[in-house]
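Note sheet for the following structure.
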Amino acid sequence: MLRIYRCKRQEVSPQVLAYAPHAAQWDREIELQLGQEYSAILAQPVVDGEYVNFLTPKSGEQIEVDSSNKNQFAKASELLEKRKQHVYNFLISDKPLINSELSSSRADYAYAVAHAEKFFVLQNEIPVAVGALLNAKPVWLNPIPAAVAAIPPKKGCLLPFLLLLLFLLLLLGLLWWFFLRPWPMEGTLKERFNDLFGNNTEQIVEPALPQEEVKEEPVVQPEPKEDEEKKALEEKLKEEEAKRLALEEELKAKKEAEEKAEQERLAAEALKKKQEEEAAQLAAKKKAEAEAKKKAEEAKKQANAKKVPKCKTLKEQGKMPQMAIAFDGSESMQMRYGYTTRLKAAKSAAKDLIGSVDKNVSIGLVEINGCPAAKNRGFFAPARRSALLGSIDSINPYAYDGKTPLVNGLNELSKMLDGKNSDAVGILISDGEDTCPFTSKMNVCTVAQRIHERQPKLKIHTILIGDSIDSAACIARNTGGQVFKPKDAKQIESFLKQAGASLKKVCED
């Protein structure tokens with residue numbers, strides 16, 4: 001995910017904060033309802049403590065569109081407005097959502113779309129807007145309806161069905177009463193009707209035919225089937241016995257298979273345990289050997305460190321160590337820092353550091369203050385330490401626009417120092433990120449990595465003051481330096497001395 005904008009939480013409208021937990025689901029809903037080109041037209045808001053980051057799944061170089069470049073990106077602006085209008089019209093319609101859980105935040109999302117004024121362009125053509133900020137003017141005045149209610153399920157037709165069933169039962173009862181129920185009078189029902197309604201039609205009586213005497217055939221009694229039943233019973237018993245024997249064989253085979261599987265499992269576990277023990281022993285042996293080797297190297301390094309070279313030799317070989325300080329003098333350094341300000345505490349600690357550095361080491365100064373570029377104050381020879389202290393005292397955030405050209409300051413710091421043939425130490429004192437228009441989107445970690453590739457003997461230690469400092473910690477990690485995060489003015493002084501400890505004594509006369 002690419003972060004295109006970051007601001008404080010109180011600068012964001014409540015509606016954006018309300019739909020923020022469902023932002024990714026809204027992108028999916030819009031994609032399914034309207035198509036992929038309408039998805040992610042709003043950057044996803046992600047709450048990070050007191051700040052809100054706006055992220056987008058799209059990639060590429062980002063440019064904020066404002067009054068200075070509005071005409072350049074007029075086509076992208078028109079495309080964004082059309083897409084926003086289309087999404088907004090869908091949101092205020094009564095069309096149901098695929099994901100019904102989003103209904104509660106539908107009005108909030110519509111508000112964010114309608115009030116999204118700030119936007120960025122990726123790859124010079126893809127527009128991405130930032131959700132509504134406070135005091136944003138609405139683009140459309142259509143009323144935003146409440147979330148579309150879920151369509152209630154249809155009720156069943158049970159009552160008409162029961163009435164129909166009752167009617168059929170009644171009809172069947174009437175039919176039975178008149179045609180199937182035994183009539184209490186003599187004769188059939190038809191004859192009774194004829195008697196009641198005076199049917200005087202003359203009956204034709206046919207003469208009775210003489211009946212022949214039927215002789216009964218003698219009934220042949222079947223012979224007893226005891227033998228057949230006995231035989232069938234014996235066959236059934238044999239069949240049951242065969243089934244029992246087959247079942248016993250099956251159970252026996254199953255038990256043997258389970259015992260074999262259990263033995264194989266125990267054997268596999270024993271083998272695995274043995275292999276793990278052997279691997280652990282081997283790892284412990286390698287670890288012990290590595291630690292012994294490391295201790296030997298450290299002892300050798302300490303022994304060599306105690307041997308201070310001659311100053312004359314270092315100067316003749318051009319290997320005299322160098323140091324430069326990149327000092328953040330932006331307006332944010334005026335913030336309170338305990339009983340003093342960040343700027344005053346940093347100045348005091350820097351002057352103490354300069355006083356402890358070897359008298360043979362020249363010290364450079366870069367003032368990170370005012371866009372577009374940092375101010376390179378040059379190198380100060382040991383004899384000009386007082387001039388260096390005066391330059392630090394003269395750092396004034398109000399002398400420029402008060403912004404932080406951090407990326408340019410790092411590049412200027414690396415240009416002042418060797419870092420190839422001789423050791424060099426750079427110390428960055430800062431409280432935030434790059435805020436210049438042309439460099440704020442650059443990755444300082446990548447810049448630091450490139451500096452280390454060019455100058456492998458240059459170590460940049462970072463003294464990071466304040467809250468928004470985590471992004472600059474990689475400068476020290478990528479150049480082999482140390483990261484210091486002081487909590488007060490006293491720790492700034494202590495950490496600065498640690499950062500410059502390697503230059504306290506570099507040679508002897």
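Just so you know, all these numbers are worked out from the coordinates, no wet-lab data involved. Keep in mind the model is a prediction, meaning the values are calculated, not measured. Don't worry about glycine lacking a Cβ; one is built from the backbone with ideal geometry, like all the others, and counts go over all protein chains shown.
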Q | Amide H partners (placed H, <5 Å) of G378, local residues excluded | A | L365
Q.
Show me the trypsin sites (Lys or Arg not before Pro) within region 1-94 that DSSP assigns to loop and that have at most 12 other Cβ atoms within 10 Å of their Cβ.
A. K70
Q: Write out the trypsin sites (Lys or Arg not before Pro) in region 310-340 meeting two conditions: DSSP loop, and at most 11 other Cβ atoms within 10 Å of their Cβ.
A: none
Q | Hydrodynamic radius by Kirkwood, which averages 1/r over all alpha carbon pairs of region 237-277, in angstrom | A | 12.4 Å
Q.
Apply the Karplus curve 6.51 cos²θ - 1.76 cosθ + 1.60, θ = phi - 60°, to the phi angles in region 29-39 and return the couplings in whole Hz, x for Gly and Pro.
A. 4, 5, 4, 5, 7, 10, x, 5, 5, 8, 6
Q | Exposure proxy ranking, count of Cβ atoms within 10 Å, fewest first, for Y111, Y398 | A | Y398, Y111
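Would you mind getting me the FRET efficiency between Y400 and T446? Use the beta-carbon distance for r and R0 = 25 Å, nearest 0.05.
0.45
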Q) What number comes out for the charge environment of Y5, summing +1 per Lys or Arg and -1 per Asp or Glu over other residues with Cβ under 9 Å away? A) +2
Q: For A279 and S356, calculate 0.36 nm times their separation in residues minus their Cα-Cα distance, and state this gained length in nm to one decimal.
A: 22.7 nm
Q) Rounded, prolate or oblate: which fits region 382-448 when a ≥ b ≥ c are the square roots of the eigenvalues of the alpha-carbon gyration tensor, with rounded for a/c under 1.5 and prolate only if a/b beats b/c? A) oblate
(Q) With the crude spin-label approximation of a point 7 Å out along Cα→Cβ, what separation in nm comes out for K243 versus L34? (A) 7.0 nm
Q.
How far apart, in nanometres, would the label points at N89 and L171 be if each is projected 7 angstrom from Cα along the Cα-to-Cβ direction?
A. 5.5 nm
Q. Using the beta-carbon distance between Q498 and N53 and R0 = 41 Å, what value does 1/(1 + (r/R0)^6) give for FRET efficiency, to the nearest 0.05?
A. 0.80
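Using a Förster distance of 60 angstrom, determine the FRET efficiency expected from the C-beta separation of K300 and L251, and round it to 0.05.
So the FRET efficiency works out to roughly 0.25.
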**Q.** Part-to-part distance (alpha-carbon centres) for region 301-352 and region 225-239, which is given in Å
**A.** 110 Å
Q: State whether region 2-129 is rounded, prolate or oblate according to the following rule on the C-alpha gyration tensor (a ≥ b ≥ c being the square roots of its eigenvalues): a/c under 1.5 gives rounded; otherwise a/b larger than b/c gives prolate, and the remaining case gives oblate.
A: oblate
Q. Fully extended, how many nm does the chain gain between K230 and K82 (0.36 nm per residue separation, minus their Cα-Cα distance)?
A. 43.9 nm
**Q.** Virtual spin-label span in nm between E11 and A292, 7 Å along Cα→Cβ
**A.** 5.9 nm
